[in-house]
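> Got a structure for you, written out below as C-alpha cells; questions coming shortly.
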Amino acid sequence: MPHPRFFGLSFRKQGALFFLLLLIFLATSYLFYKPSSQEPRVKIETYSVFQKEWDSLMHEEKKERSRITTFNPNFLTDYRAYTLGISLEAADRLKAFRAGGGFVNSARAFQEVTQIPDSTLRRIQPYFKFPEFQKRALVQKVTPKVKKEINAATAEDLEAVRGIGKVLAERILKYRNLLQGFSTLEQCYEVYGLDSLVVKRLLEQFTLTEPPFIKKVAIQTISLEELAKLPYINYDEARKIIALRTRTRNITVEEAAKVIHDSQKKLNRLKLYLY
C-alpha cells in the first residue's frame, strides 16, 4: 500500500513542499514584522527561486502521472487509481469485490464492479492487461459448445466421448437403426452395456432437435411376423397380442401393452410404431 498522499504528491515531495512553505512563511513574517527603516534581508529574487522550485516539482509530478503502463486491474492500487483519475469510492468497490473472492476478467466487468462512467472506462481501458488464462475463461464463458445431432452421429463422433470405444459405438449405431432413429435421448440408456455415467457424458455432446419419421402400423392389421420385428416386443409377446386381438377384435395399443412385461414402461415406446 503506497504512503498516504497530500495533493497527490509522494512522501519525498511532500517534505520538499513543506520546507518551501516554511521558508516562504518565515520570509513573509520577516518582511511584515521588521521595522521599515531596516533593509529586508530576503529579496524578491528569493520568491522567484521558490516559484521555480515549486514549478519544477509540479512538472515532475505531471510527467510521472503521464507515464502509465499496462496493468492487471484486479490489482489496482490507490496510487494508480489516482493517476488514472479513478475515484476513491470506485477503488474501494473493487477492493471489496476482490476481498470476497471475485475476479474481473474484462473491462466491462471492471466497470460493473467499480461503477465508473463510460467516459472513464474508454480513457483507461487501453491500460488494462488481463492474463491469458482469464481471456480463455472469458471466451469459454461466452461461447457455448455446439452439440451434435445424435441421429447423424458417426462411429468416430461417438468414440470421442470418454468411455465409448469402437465396440460400444457400433452397438449404439446398431440400436439406433433398430429403432429407426432415436425418438428421445432417454433411449440411449437402453443400449446394452452402456453405463449411465457414460450416457450422461454422451448427452452433454449430443442433442435431438427433431425426432425421426417412423411410419406407424395399425395394430388391427399388423401380422405376427411384423409385430415381432418391432422394437420392445419379442416373439412370445407378439403372439399374446395377436391372440388377444383375435378374441376381442377391436384391440387398442393400450390394451395390447397390458399383455406384455413391464407394460406401462413400454406403452409410450409402442406408440411410436403402432396406432
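Read the figures in this text as sums done on the coordinates, not as results from a lab. The structure displayed is predicted, hence computed values, not measured ones. Quick reminder, even Gly has a Cβ in these numbers, built from the backbone with ideal geometry, and neighbours come from all protein chains shown.
> With each pseudo-label sitting 7 Å past Cα toward Cβ, what's the Y79-V167 distance in nm, one decimal?
6.7
> Residues with amide H under 5 Å of F206's amide H, sequence separation 5 or more or different chain, H placed in the peptide plane at 1.01 Å from N; which?
It is K148, by chain and number.
> Would you mind checking which residues have amide H under 5 Å from V217's amide H? H placed 1.01 Å from N; only 5 or more apart, or other chain.
Placed amide hydrogens put L274, Y275 under 5 Å from V217.
> Using 1/(1 + (r/R0)^6) with R0 = 45 angstrom and r between the beta carbons of D118 and E149, what's the FRET efficiency to the nearest 0.05?
On the way: r = 43 Å, r/R0 = 0.95.
Using R0 = 45 Å, I get an efficiency of 0.60.
> For a footprinting-style exposure proxy, rank V167, V161 by other Cβ within 10 Å, fewest first. Mind dumping the intermediate values first?
Values: V167 10, V161 20.
Going from least to most buried by this count: V167, V161.
> If you add up the charges near I214, with Lys and Arg at +1 and Asp and Glu at -1, over every other residue whose beta carbon is less than 13 angstrom from its beta carbon, what do you get? Please list the in-between numbers first.
Numbers: positive: R176, K215, K216, R269, K271; negative: E210.
With Lys, Arg at +1 and Asp, Glu at -1, the net is +4.
> Further question on the same structure: Apply 1/(1 + (r/R0)^6) to the Cβ-Cβ distance of K215 and S263, taking R0 = 25 Å, and write down the FRET efficiency to the nearest 0.05.
Calculated value: 0.60.
> How high is the relative contact order of the stretch 224-270, in percent, with contacts defined as C-alpha pairs under 8 Å that are six or more residues apart?
Values: 32 pairs, mean separation 15.2, N = 47.
In percent, rounded to a whole number, it is 32.
> Roughly what would the spin-label model give for E190 and K271, points 7 Å off Cα along C-beta, in nm?
With each label placed 7 Å out from Cα toward Cβ, I get 1.4 nm.
> If you don't mind, another one. Relative contact order of the stretch 146-275, please, whole-number percent, based on alpha carbon pairs below 8 angstrom and at least 6 residues apart.
On the way: 128 pairs, mean separation 30.1, N = 130.
23 percent.
> Can you pull the one-decimal nm distance between simple spin-label points at F103 and N72, each 7 Å off the Cα toward Cβ?
A separation of 0.8 nm, rounded to one decimal place.
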